[in-house]
Amino acid sequence: MASSRLLWASRAASYLRISVFHRGFSTVLKDLKYADSHEWVKIEGASATVGITDHAQDHLGDVVYIELPEVGAAVAQGSSFGAVESVKATSDIYSPISGKVVEVNEELNKSPGLVNSSPYEDGWIIKVEAKDANEVNNLMGADDYSKFCEEEDAKH
Amino acid sequence: MRGGGLWQLGQSIRRQLAQADKKSVARRYFASEADLKKTVLYDFHVTHGGKMVPFAGWSMPIQYKDSIMESTVNCRENGSLFDVSHMCGLSLKGKDCITFLEKLVMGDVAALAPGTGTLSVFTNEKGGAIDDTVITKVKDDHIYLVVNAGCRDKDLAHIEEHMKAFKAKGGDVLWHIHDERSLLALQGPLAAPVLQHLTKEDLSKIYFSDFRIIDINGASCFLTRTGYTGEDGFEISVPSEHAVDLAKAILEKSEGKVRLTGLGARDSLRLEAGLCLYGNDMEQHITPVEAGLTWAIGKRRRAEGGFLGAETILKQLEEGPKIRRAGFISSGPPARSHSEIQNDKGANIGEVTSGGFSPCLKKNIAMGYVKSGSHKAGTKVKILVRGKAYDGVVTKMPFVPTKYYKPS
């Protein structure tokens, strides 16, 4: 419940274009796991959905292109599998989990901005058949990730 | 790996995010942060939500609350106000100041009417570009020029060295570096109507490249009708103690339509306008002819030479340069600087020097250098991004039509 309310808030904020600068208030969802390179993963059985966080999209600004991997490609935890292009920057996307890509979000080819407007739902990037679910233990929970982002922002 | 520039700057945002946990990187970042210079508008930027980043030794806003996309579009629809005080304004004075300057630049400074200016290039002995600059003839014994922040030290050293030699031979020239002034750029269709509220001078009589010393918002300013966006607009050199007031007055008079705009959108705007960024699209080893700035070499200078590197440049004018700067529109991800350019048979023909997504055209645009012959509009090319070849086509620049205010 709490998470859907946050999502609504995040969407409303981006619709109103007020999301660009709310430092330290990026949305973080409870049931996801987070990498320090700012990707999230949602585990549902053997399937793991991967995207970039609200904090990451916020800092990147308008996303104009997503380079997606092929279905069937192998990804490894901590290794790059694609790229996000914003108006100014190119950034690698690192997989938070190892396994095989079983689905890519083709919608992003037409609407890369979904990563900005809905980073945790419509803007998901790949689905992975996870090799080892225990790998999530290397990732942060929501509270740790929120703290991590706050600390990062405080440095700037 | 890179000479600098906004691309890298934008790039560093996420890289810092990803690396902030590595302490050595963080420490290095902090050490440099403390050394950064601040313009008098620094607090004003921060108050207005400016995201400050290191640029050419300065802490400058890369964007404010608006996204780079929004800022870029708003500049062309309404207007933008930029703090460009990091750039270096310089006056050369003395009865021989033009003779002196003409040894260092390729432009016909003598032919400029008082109160007019032009884009020019400081060249080295090999004809390469030391920096690009906007030169204004205030009077026959007073030249005002603005050089890039990132080139300030080397430009000043270069000028000083030649000035010593020139003076030793009895030449009358001296300089003044305008560190007491700040520089604001007001760009876009609302630039003139908004600025008109703040001065009694009739701005409709001041055309593109014209220069006046006039009173604006109660301060004596150097006003040049120029900019770096392709739009009509002004660069206003204002005594630093009046800079914040002027910035506030401009924003207020525009009723919120002119928005504070950072270096991120400034880079998109100049790229759309087909303008070079020194350090990316022009460097020590690139001549003005290769860079497509032949138009800025005066006729008299072509006949007479007499500037550093003239032999190389005049020879290139005669025989044609081997490489040329060209514009590209491409599919796939935006091409960035150092992306390889190939012909349709897959042979290397050059390299991208600036590129990105055009907020106004909603397409990928880029500029770069290719072998002469491959530079003609319509030529099909391949641009390599992360190892994959994407279709591109040579496109005439500016990508977005320029709107300079010229007499009709």
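Just a few scattered comments:
- Residue identified as of a type in the set (D, E, K, R), away from chain A (no Cβ under 14 Å) and either free of Cβ contacts under 8 Å to residues at least 40 places away in the same chain or closer than 27 Å to residue B:391 by Cβ (or both) among B:300, B:325: B:325
- Each residue in region B:356-369 was checked for being part of a strand (DSSP E or B) and within 12 Å of chain A (Cβ to nearest Cβ), and 6 of them qualify.
- Answer from B:346, B:373 - the residue that is at pLDDT 95 or above and within 24 Å of residue B:289 (Cβ to Cβ): B:373
- Condition check for residue A:97: of a type in the set (A, V, I, L, M, F, W, C), touching a residue at least 24 places away in the same chain (Cβ under 8 Å) and touching a helix residue (DSSP H, G or I) at 6+ places or on another chain (Cβ under 8 Å): yes
- Residues that are farther than 17 Å from residue B:251 by Cα number at least 1 in the following strands (runs of 3 or more DSSP E) confined to region B:46-111: B:51-55, B:58-63, B:88-93.
- Filter result for residue A:116 (crowded, with 19+ Cβ neighbours inside 10 Å, at the interface with chain B (Cβ under 10 Å from one of its Cβ atoms) and more than 20 Å from residue B:385 (Cα to Cα)): yes
- Yes/no for residue A:69 being within 14 Å of chain B (Cβ to nearest Cβ), farther than 26 Å from residue B:267 by Cβ and at pLDDT 95 or above: yes
- Residue B:306 meets the conditions (1) of a type outside the set (D, E, K, R); (2) farther than 30 Å from residue B:125 by Cβ; (3) part of a loop (DSSP other than H, G, I, E, B) in every case but one. The failed one is (2).
- Count of region A:36-50 residues which are within 13 Å of chain B (Cβ to nearest Cβ) and either closer than 14 Å to residue A:103 by Cα or outside any strand (DSSP E or B) (or both): 3
- Cβ pairs under 7 Å, 6+ apart, first in region B:364-376 and closer than 14 Å to residue B:286 by Cβ, second among the hydroxyl-bearing types (Ser, Thr, Tyr): B:367/B:353; B:367/B:354; B:368/B:353; B:369/B:353
- Every condition in (1) within 13 Å of another protein chain (Cβ to nearest Cβ); (2) over 22 Å from residue B:70 (Cα atoms); (3) of a type outside the set (Lys, Arg); (4) buried (at least 22 other Cβ atoms within 10 Å of the Cβ) is met by residue B:353 except one, and the failing one is (1).
- Residues satisfying the stated conditions in region A:121-156, i.e. aliphatic (A, V, I, L, M), more than 14 Å from chain B (Cβ to nearest Cβ) and out of contact with any Lys or Arg (no Cβ under 7 Å at 6 or more places or on another chain): A:125, A:126, A:130, A:133
- Only one of B:263, B:277 that is of a type outside the set (Gly, Ala, Ser), in contact with a Gly (Cβ under 8 Å, 6 or more places away or on another chain), in contact (Cβ under 8 Å) with a residue 60 or more places away in the chain and within 14 Å of another protein chain (Cβ to nearest Cβ): B:277
- Some residue of region A:1-20 being within 30 Å of residue B:48 (Cβ to Cβ), at pLDDT 95 or above and crowded, with 22+ Cβ neighbours inside 10 Å: no
- The sole residue among B:59, B:85 that is among the polar types (S, T, N, Q), away from chain A (no Cβ under 13 Å) and in contact with a strand residue (DSSP E or B) (Cβ under 7 Å, 6 or more places away or on another chain) is B:85.
- Subset of region A:117-143 [without any contact (Cβ under 8 Å) to a residue 60 or more places away in the chain and among the basic types (Lys, Arg)]: A:131
- Any chance residue B:332 is out of contact with any helix residue (DSSP H, G or I) (no Cβ under 7 Å at 6 or more places or on another chain), within 30 Å of residue A:111 (Cα to Cα), surrounded by fewer than 24 Cβ atoms within 10 Å (Cβ to Cβ) and of a type in the set (Gly, Ala, Ser): yes
- Boolean, residue B:325 is buried (at least 22 other Cβ atoms within 10 Å of the Cβ) and outside any loop (DSSP other than H, G, I, E, B): yes
Quick grid of which residues meet (1) free of Cβ contacts under 8 Å to residues at least 40 places away in the same chain; (2) facing another protein chain (nearest Cβ under 8 Å); (3) of a type in the set (A, V, I, L, M, F, W, C); (4) buried (at least 24 other Cβ atoms within 10 Å of the Cβ):
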residue: A:52; (1), (2), (3), (4): no, no, yes, yes
residue: A:63; (1), (2), (3), (4): no, no, yes, yes
residue: A:74; (1), (2), (3), (4): yes, no, yes, no
residue: A:81; (1), (2), (3), (4): no, no, yes, no
residue: A:90; (1), (2), (3), (4): yes, yes, no, no
residue: A:101; (1), (2), (3), (4): yes, no, yes, no
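- Evaluation of residue B:338 against (1) surrounded by 18 or more Cβ atoms within 10 Å (Cβ to Cβ); (2) closer than 30 Å to residue B:73 by Cβ (one fails), failing number: (1)
The values are calculated or read from the model by the stated rules, or taken from the named source; none is laboratory data. If you're wondering where the values come from, they're calculated on a predicted model, not measured in any experiment. Using ideal geometry, Cβ is built from the backbone for each residue, glycine included, and neighbour counts are taken over all protein chains shown.
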